[in-house]
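Written out below as structure tokens is the structure these notes cover.
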Amino acid sequence: MYLYWELKYKSTTQLLLAAVLIIFIFKIVPMAYECFKGKTYIVTGAASGMGRAISIKLARQGANVGLVDLNNPDHVLAEIEQFGGKATSVSANVQHASEVDAAFKTVVEKFGRLDGAANMAGTVGSLKLGETKLAMEVLKDEDWDFLLATNLNGVKNAVRAELQLMSGSSSLVNAASVSGQLACPFNSPYGAGKFGVIGITKSVAQEVASKGIRINAVAP
Ligand SMILES: NC(=O)c1ccc[n+]([C@@H]2O[C@H](COP(=O)([O-])OP(=O)(O)OC[C@H]3O[C@@H](n4cnc5c(N)ncnc54)[C@H](O)[C@@H]3O)[C@@H](O)[C@H]2O)c1
């Protein structure tokens, strides 16, 4: 008798767990993927690395993607079109606000809306591992200016343009780095830029939260 109840109880629990798992796999997971369908996202730094990967992932999930990069991102556009995804590619230097504004406007004109963005464009410049040419006592102003113009001003230019184009609840993600949280010896301009990205992200998050806009930074 005890064995009978034990087995019955166990099998009911197992059946319930299996049902929950099936609902999760066939209902909840597809819903999470569907949330990008028909929406439009801008990705800066889309020509390579994480920007390219994010662009492809968004397009696979049904989003329209505005690919923006200093280097022409047409090869990523071709990859996306190959599997039937929707994207458009625009070359722009994130250092220059006018180029960013024009590029993002082109994306919104094509797809009619903007729902979010991943601002991934960034660089360590020409610095190679182990080099010390950006150590503070020998640091050239041009190297400082270049890294800050790309990694910090670039994010500012992108976020400002995006906020002007988005309406309603949206989400922005900025590329920071562990170098924006910890010391970055021999590349203080990179570290300063990434600390700045976290600073902008935290400040603007409080400015736009009431509009339903989320802004976060990732720190690889
Ligand atoms: N890869 C890592 O381990 C790592 C670690 C920490 C932070 N990050 C940050 O994540 C982001 C992406 O990194 P990644 O490894 O994919 O880099 P990546 O070099 O592969 O890609 C960066 C892209 O940004 C573009 N870009 C550079 N300067 C630009 C400019 N002025 N205007 C427009 N586009 C420009 C480049 O052409 C390139 O396509 C960067 O901001 C980087 O600093 C990367």
Quick check: is even one residue across the stretch 61-73 touching a helix residue (DSSP H, G or I) at 6+ places or on another chain (Cβ under 6 Å), under 19 Å from C35 (Cα atoms) and within 15 Å of the ligand (Cβ to nearest atom)? yes
Residues that are within 30 Å of Q164 (Cβ to Cβ), at pLDDT 95 or above and surrounded by 11 or more Cβ atoms within 10 Å (Cβ to Cβ): does the stretch 29-39 have at least one? yes
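A quick yes/no check of all residues on (1) touching a helix residue (DSSP H, G or I) at 6+ places or on another chain (Cβ under 6 Å); (2) surrounded by fewer than 24 Cβ atoms within 10 Å (Cβ to Cβ); (3) under 21 Å from S169 (Cα atoms); (4) of a type in the set (S, T, N, Q):
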site: R52; (1), (2), (3), (4): yes, yes, no, no
site: L77; (1), (2), (3), (4): no, yes, no, no
site: S91; (1), (2), (3), (4): no, yes, no, yes
site: V100; (1), (2), (3), (4): yes, no, no, no
site: V107; (1), (2), (3), (4): no, no, yes, no
site: G122; (1), (2), (3), (4): yes, no, no, no
L148 being of a type outside the set (G, A, S) and within 18 Å of the chain's Cα centre (by Cα): no
Which residue pairs have Cβ atoms closer than 8 Å, lie 6 or more positions apart in sequence or on different chains, and pair a first residue in the stretch 68-94 that is of a type in the set (S, T, N, Q) with a second residue that is part of a loop (DSSP other than H, G, I, E, B) and buried (at least 21 other Cβ atoms within 10 Å of the Cβ)? N71/A47; N72/A47; S89/A46; S89/P73; S91/P73
Criterion: over 20 Å from S48 (Cα atoms) and of a type in the set (A, V, I, L, M) - qualifying residue of L147, L182, L152, L172: L182
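The values are calculated or read from the model by the stated rules, or taken from the named source; none is laboratory data. All of these numbers come straight from a predicted model, not from anything done at the bench. Don't worry about glycine lacking a Cβ; one is built from the backbone with ideal geometry, like all the others, and counts go over all protein chains shown.
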